[in-house]
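Read the structure below first, then the notes.
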Amino acid sequence: EDEDLIERDEMVVTVTLDGYIKRTPLSTFRAQNRGGKGRAGMATKEEDAVSELFVTSTHNPVLFFSTKGKVYRLKVWKLPEGGPTTRGRPIINLLPSLEDGETIRTVLPLPEDEDSWGALNVVFATAKGNVRRNSMDAFTNIPSNGKFAMKFDEESDDRLIGVALLEQGDDVLLATQMGKAIRFSGEDVREFVSRTSTGVRGMKFKEKNDEVVSLSILKGGTATPDERDAYLKVAPWKSDEEAHSLSDDHQAMADEEEFILTVCANGYGKLSSAYEYRRAGRGGMGITNIDNIARNGQVVASFTATKSDQLMLVTDQAKLIRIGLNSLRVIGRSSAGVRLFNVAKGETIVSVAKLDENENPENEAEEAIAEEMVGRGAEETAPDTTAHSDRNIPDEPGG
């Protein structure tokens, strides 16, 4: 197949929790919005949900990282094309080298120009708390049957839980299922040349049954710990009263503020300022991310979010729940959180996908897909407004 004959076109790539993938021309979603004929989203099974969505060009490569540490590569134009209401094809059909029990954990779109990859860094995190940093150009040549991005010993029960691009000055945030988290500088993880090493210790665990469930990248910023503490005392979301004026320095911090959303298996969760997660040395036991795991259930996911985001929650009883964060107030890092959704007795949340609701072409597709899934039987709800109040949370934290 001659790639030169493939037209360059913007595509919306969607991946579901059950491992289905497809590409749809972005113009399809824009045309529906303009024409006012309603929206249609990805046709998924009732127990399935979209877990990854991004806009990229037909000529751009996409890397697929698996739980067993392998990486696979496909150009976007090689992904199955389908309309807004088609389901797509199983990724396993496109990546026949996947082994039994091996699933795709991260889907990473990259620039078409591979010469630019050398300026990119990628960080890996494992369930047992190891991290590793590589230059992205270590993954330019990937055979059709994939290759190891991280090699685990055969007797190891460790697995890859996340892969993310890392820019200079960024911090790494690891969150565990037992409610702990650690934030450290990405520069604390030396760059590895080897692709087989499992890296270095990113986090130690206080409890034997604990493990890392989420990897997030935060902007490092220049504020000192004392400056962060001073800001947190006057942060706009801190007061129930009308917004008050801030000093220029505090306003700059408010503009750059990021927020961490943590969701637990029993339907509880919270939104906290990333400023409360102090940078520490790599390899420690971390600090409390959310309290009262006995009530909340184990942490399912913890990641950056904003007031404008929506979540798609998936339960072990095949329910899809879409909730908005606009009424979820910001609370302390070490608090126990509040109820996000009333799960049935014996039912737990097993997966969380974030839907960014800001105005851009990619979000037009996200909204269309989410609305279609809700319309086909998913339960749409919002956080209990008796427990949450609308606060002044920036719609788009900068930096």
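Every number in this text was worked out from the coordinates using simple rules, so none of it is lab data. All of these numbers come straight from a predicted model, not from anything done at the bench. In this analysis, Cβ positions are derived from the backbone assuming ideal geometry, glycine residues included, and neighbour counts consider all displayed protein chains.
When 1/r is averaged over all different Cα pairs and the result inverted, which Kirkwood radius in Å belongs to segment 3-380?
Every distinct Cα pair counted, the radius reaches 21.7 Å.
What is the order of Thr196, Thr106, Thr126, fewest Cβ neighbours within 10 Å to most?
Thr196, Thr106, Thr126
What is the order of Asp113, Asp188, Asp255, fewest Cβ neighbours within 10 Å to most?
Asp113, Asp255, Asp188
Within the set Lys180/Lys345; Lys68/Lys147; Lys180/Lys270, which residue pairs have Cα atoms separated by over 20 Å?
In this structure, Lys180/Lys345 lie more than 20 Å apart at Cα.
Could you list Lys128, Lys270 so that the one with the fewest beta carbons within 10 Å of its beta carbon is first and the one with the most is last?
Lowest count first: Lys128, Lys270.
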